[in-house]
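The values are calculated or read from the model by the stated rules, or taken from the named source; none is laboratory data. The structure presented is a predicted model; accordingly, all values stated were derived computationally and were not measured. Glycine also receives a Cβ, built like all others from the backbone with ideal geometry; neighbour counts cover every protein chain displayed.
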Amino acid sequence: MADDRPSQPGLAATLSLPAIAAVSLGFLLPVLWLARMSVNPTEPGGVLREGWTANQYVELFTDSFYAELTLASLQMSATATLCALLVGYPIALFLYRLESRWKTLLVLLAICPLLVSGVVRAYGWIVILGDAGWINSMLRGAGLIDRPIRLVNNHIGVTIGLTESLLPYMTLSLLAGLGRLDRGLEEAARTLGASPLRTFLRITLPLSLPAVVLGSTICFMLAVSAFVTPRLLGGGRVLLLATEIYEQALVTLNWPLAAAIAMALLALFSVVLVASGRLQRRVAE
Amino acid sequence: MLVRAAFALLALLASTSIARAQSGEITVMAYAGIFQDKYTEAVIKPFMAKFPAVKVNYFSSGNSAQMLGTLRTQRSSPQVDVAILDVSVSNVGNKEGIFAKLDPAKVPSLKELHPMAIVPDGFGPAVTFDHWVLVYDTEKVKPAPTGLADLWDPRLKGQIGLSAMPNIQGIAATVLASKLAGEDFKTSIDGAIKRLKDLGPSVQTFDPQPDGYTLILGNTLTVASGWNARAQLYHDDSKGRLGVVFPKEGSVFQINTINHVAGSKNAEAATAFIEYALGREAQKRFTETMFYAPTNAKAEISPAAINRTAASAENMAKMIPLDWDWVTTIRDSWNNRWRREVIAGR
Amino acid sequence: MTAGGGNLVLAGLRKDYGVGDPAVDRLDLEIAKGEFVALLGPSGCGKTTTLRMIAGLVEPSAGRILLDGDDLTAKPVHRRNIGMVFQNYALFPHMTVADNVAFGLEMRGVAATEIRDRVAEALALVRLTGFESRRPKALSGGQQQRVALARALVIRPDLLLLDEPLSNLDAKLREEMRGEIREIQKRLGITTVFVTHDQAEALALADRIAVMERGRLAQLGSPEEVYERPATPFVARFVGRINALAAAAGGDGRLRIGGQPVPTGDLRPAGTKATVMIRPQHITLSQPGISLLARVTGITYVGDVVQIAVAGDGFSVVAERGTADSSWRGLAVGQDVGVGWPASSALVFPENADGR
């Protein structure tokens, strides 16, 4: 009598080789390279030497500037994630409940900004938010303001741009995570005497929390690592960890410092992931 | 070990994008965009006409630091023979051994170069001089600004694009602001930082994207900092709407050097190209095409072109000499002061 | 435990989705206090839509819903005080059994101590005492069903709505729950509307059955009425098994099949075409020559009963005998038999009585 389950561990290992190779090449190797780079010494101007030093990490943890950058990154990412959640949640809920043949089309519409590069979208925002942009022109035309409001080249512009760039990811992850939500549960709550608001607070919201945690985690990480939007919409005023990595790597040429900041960011991501995993389990109860 | 291995791997990957330098073939790496168009037209094509046996490939890159990054990854097997990039970055390459020294016997034009063009220890010299300018919208800013000092005019509030540090335009702006404050930037930039901090709220953007010229012509800004060569091209393209001002406080050179990559596969052709690029003929043609000042003092430039560069005697006298090697030692501290005091406004 | 019972009136109820025929049309129905009414019909007949309109989950296109004289039509769902059990139970997965049952009381602002008592009482009613802190997913289908029932009843609703509550249970459990629901309903005296597509369930549970067909009420009556005196061939076919024979009246007014007169209670004008319907258990099989001549084409033994299929000239019928009755045992396929039935058990409908 043969066991009907394949009992060939060797085969399983062989089959997972491509995946192991892909992860090693695509993630592990670059991270190891980054880790090694972060302990190379540098000389003024960004001259790179091969060797060993902890200088970059000492600078990272002693210069209060990096603490400020980290705080600014966390703040900006949390704000943009929250904004994306507030905008994306109703959209996702609407799409999730939609029983129409247009549903697929509308879902595609919600995620189609992903088809346009972030650079192009950022320039689009400049056109909308700039001093001579649509919003300021409209407000001026309506006589509400006489000087343009600064909506871009500052934190407001970056928050708006980041929120918009996160929105498709938020909507998609919320949609994917709303699986436990059954229309019948809301109807049951209604028949039991719950008003629409209480139904939302007691049934819809708690049941969608796993989706909220999932979407927020993904968006938070994307926001922390985003540098194109802050650069294009920040007017040089919005200094974040990601833009600092970009500047150290591609302007001031201090690769080891850029690598050290990237490693710190990686550590931050691990913390966020673990925290999110815990939270996920708690809200899924 | 690991770094070496990673470099080798990355080089392997990068090599697919660059045509392998064959005999009679060299690859020149320099800026993308309009620089590529003009340099190909003014220097590379005439060179190939003169040396029909050598084929020159142009490998374009976004900025100097990216070029150095590419060269770092190709260390074990360089795919680029000649690189044109900013002197602050080429200095790093010289110290890292990425670039080779030139043989004065094979590059006779070295003797004709302007003293400021010479890089110590026989490394690649300056091939272009550019300088920091103010650009403005001639339709909106009247009277025309004459220098950095005019940026504090309240009428310009919110309409200024000023490239901040670590961009090297920010270094030039610091130097000029120091001069305005009557201090020696080599000892203190306190006065400069104080003045720039006052200017901060008037600045629309400290990082004009894609650049100040475009933002002025797109009605987002009315005045911005810039580099002369590109500004002159935008001046012509906009039929004079974009005005270019050589600041009355003076200006600072942005220097591009031409460098021979160490381990280049075709050293002979590469050296021949460098000699040609530094020669009077190429220097004259590129200046007249793109308004970079010539580094070859003997190049005979048409008066019309020379007046639009820093090379005129009058402008040359106003240039503030800046030792870029020294700049690398103070760049981080200047950068921090910009970030904490000028940009953050504290 | 007490529960209110209301008198429910549906007047001219209509639901039009804008495409095709209305899902429910011109529905008039009055349900007395404490009565148990089954809405019975095939899928798509409008029975669930009707139930959802009563609950307030679907807005009627026309007509009114009155509960004890109160017009509910424009009242939002959460103010109707109607208990509903959903087909998939719709238990809140993130709450314990006790919290599920307490939910409706909480929404009504009932004091915590009273909630505790009433939840315990409701769980006792459905025999789930001790399951308070379980999560719904840790319960069997039948237990989930009972939690849903307790949750709907604990609010002391004026009306209990059950939407195919037994369809997700296996056959044995279904019969058990059937009895339990009926027993609880009787004990509480709560007016109940029960939606089902299973005629046996409707017959066993309901005081009255409303058979629905394509959005309309086809017949309203007690189980006996609906079964024995169906108003239309559709009802006759849907409730229980039945044989249908095409007949035409001869010159003497008697209905004939293939020229042979058949037993029916009434006479028809000569040439009238009609459908004669007879329940299988009323078909008699005898020696050939006595009535319609036919031949046995099949004998199917299904346990409680045995089905004998016979075919004659221009007709075929199925007769059914209890297996305790041994009269069928002599029969064999291919054998000639005489087919008949008592005239009183024949249902005669004019041809096209269903309007099809």
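Quick one: in segment C:66-100, which of the residues that are surrounded by 23 or more Cβ atoms within 10 Å (Cβ to Cβ) and in contact with a strand residue (DSSP E or B) (Cβ under 6 Å, 6 or more places away or on another chain) is farthest from C:Pro157 (Cα to Cα)?
Per the stated criteria, the residue is C:Leu72.
Within segment C:165-197, which residues are surrounded by fewer than 21 Cβ atoms within 10 Å (Cβ to Cβ), in contact with a strand residue (DSSP E or B) (Cβ under 8 Å, 6 or more places away or on another chain) and assigned to a loop (DSSP other than H, G, I, E, B)?
The answer is C:Ser167, C:His197.
Against the definition (buried (at least 24 other Cβ atoms within 10 Å of the Cβ), assigned by TED's automatic domain parsing to the domain that holds B:Arg280 and more than 19 Å from B:Ala293 (Cα to Cα)), how does B:Val107 come out, yes or no?
Here the answer is no, as B:Val107 does not meet what is asked.
Any residue in segment B:89-103 that is touching a Lys or Arg at 6+ places or on another chain (Cβ under 9 Å), touching a residue at least 60 places away in the same chain (Cβ under 8 Å) and small (Gly, Ala, Ser)?
Scanning segment B:89-103, I find at least one residue that is touching a Lys or Arg at 6+ places or on another chain (Cβ under 9 Å), touching a residue at least 60 places away in the same chain (Cβ under 8 Å) and small (Gly, Ala, Ser), so the answer is yes.
Limited to segment A:141-172, what total is found for residues that are farther than 26 Å from A:Leu95 by Cβ and within 14 Å of chain B (Cβ to nearest Cβ)?
14
Being surrounded by fewer than 20 Cβ atoms within 10 Å (Cβ to Cβ) and either within 9 Å of chain C (Cβ to nearest Cβ) or touching a strand residue (DSSP E or B) at 6+ places or on another chain (Cβ under 6 Å) (or both) is the filter here, so list the residues in segment A:184-201 that pass it.
Residues satisfying the conditions are A:Gly184, A:Ser195, A:Pro196, A:Arg198.
What pairs come up if the first residue lies in segment A:29-55 and is among the small types (Gly, Ala, Ser), the second is part of a loop (DSSP other than H, G, I, E, B), and their beta carbons are under 8 Å apart, counting only those six or more places apart or on different chains?
Qualifying pairs under 8 Å: A:Gly45/A:Leu253; A:Gly46/A:Thr252; A:Gly46/A:Leu253; A:Gly46/A:Asn254; A:Gly51/A:Asn40; A:Gly51/A:Pro41; A:Ala54/A:Val39.
Is segment A:223-233 home to any residue that is on the phi > 0 side of the Ramachandran plot, crowded, with 18+ Cβ neighbours inside 10 Å, in contact with a helix residue (DSSP H, G or I) (Cβ under 8 Å, 6 or more places away or on another chain) and of a type outside the set (A, V, I, L, M, F, W, C)?
No, every residue in segment A:223-233 fails to be on the phi > 0 side of the Ramachandran plot, crowded, with 18+ Cβ neighbours inside 10 Å, in contact with a helix residue (DSSP H, G or I) (Cβ under 8 Å, 6 or more places away or on another chain) and of a type outside the set (A, V, I, L, M, F, W, C).
Please find, among A:Arg231, A:Arg237, A:Arg202, the residue that is out of contact with any Lys or Arg (no Cβ under 6 Å at 6 or more places or on another chain) and over 18 Å from A:Ser77 (Cβ atoms).
Every option except A:Arg202 fails the conditions.
Of all helices (runs of 4 or more DSSP H) completely enclosed by segment B:293-344, which ones contain at least 3 residues that are free of Cβ contacts under 8 Å to residues at least 12 places away in the same chain and under 30 Å from A:Thr42 (Cα atoms)?
Those helices (runs of 4 or more DSSP H) span B:324-337.
Please tell me if A:Val212 is modelled with pLDDT of 90 or more, within 17 Å of the chain's Cα centre (by Cα), of a type in the set (A, V, I, L, M, F, W, C) and over 29 Å from A:Arg278 (Cα atoms).
no
How many residues are within 14 Å of chain A (Cβ to nearest Cβ), small (Gly, Ala, Ser) and over 28 Å from B:Pro115 (Cα atoms) when one looks only at segment B:128-175?
Total meeting the criteria: 4.
Check segment B:116-124 and report whether any residue there is outside the structural domain of B:Gln204 (by TED's automatic domain parsing), out of contact with any Ser or Thr (no Cβ under 7 Å at 6 or more places or on another chain) and charged (D, E, K, R).
Yes, some residue in segment B:116-124 is outside the structural domain of B:Gln204 (by TED's automatic domain parsing), out of contact with any Ser or Thr (no Cβ under 7 Å at 6 or more places or on another chain) and charged (D, E, K, R).
Only one of these is within 30 Å of B:Gln74 (Cα to Cα) and acidic (Asp, Glu): B:Glu281, B:Glu275. Name it.
B:Glu275
Name the single residue, out of those in segment C:130-164 being without any contact (Cβ under 8 Å) to a residue 24 or more places away in the chain and assigned to a helix (DSSP H, G or I), that is surrounded by the fewest Cβ atoms within 10 Å (Cβ to Cβ).
So, considering only residues that are without any contact (Cβ under 8 Å) to a residue 24 or more places away in the chain and assigned to a helix (DSSP H, G or I), the one surrounded by the fewest Cβ atoms within 10 Å (Cβ to Cβ) is C:Ala138.
Quick check on my filter: what residues within segment C:84-101 are within 31 Å of the chain's Cα centre (by Cα), hydrophobic (A, V, I, L, M, F, W, C) and more than 7 Å from every other protein chain (Cβ to nearest Cβ)?
Hits for segment C:84-101 are C:Val85, C:Leu91, C:Val97, C:Val101.
Of everything in segment B:131-143, what is hydrophobic (A, V, I, L, M, F, W, C) and at pLDDT 95 or above? Give them in sequence order.
Listed by number, the residues that qualify are B:Trp132, B:Val133, B:Leu134, B:Val135.
Please list, ordered by residue number, the helices (runs of 4 or more DSSP H) wholly in segment A:1-91 having 3 or more residues that are more than 14 Å from every other protein chain (Cβ to nearest Cβ).
Counting at least 3 such residues, we get A:9-23, A:55-62.
Please go through segment C:289-318 and pick out each residue that is in contact (Cβ under 8 Å) with a residue 24 or more places away in the chain, out of contact with any helix residue (DSSP H, G or I) (no Cβ under 9 Å at 6 or more places or on another chain) and more than 15 Å from C:Gly258 (Cβ to Cβ).
Matches in segment C:289-318: C:Gly289, C:Ile290, C:Val296, C:Thr297, C:Gly298.
Checking B:Val92 against (1) at pLDDT 90 or above; (2) more than 7 Å from chain A (Cβ to nearest Cβ), which single condition isn't satisfied?
Single failed check for B:Val92: (2).
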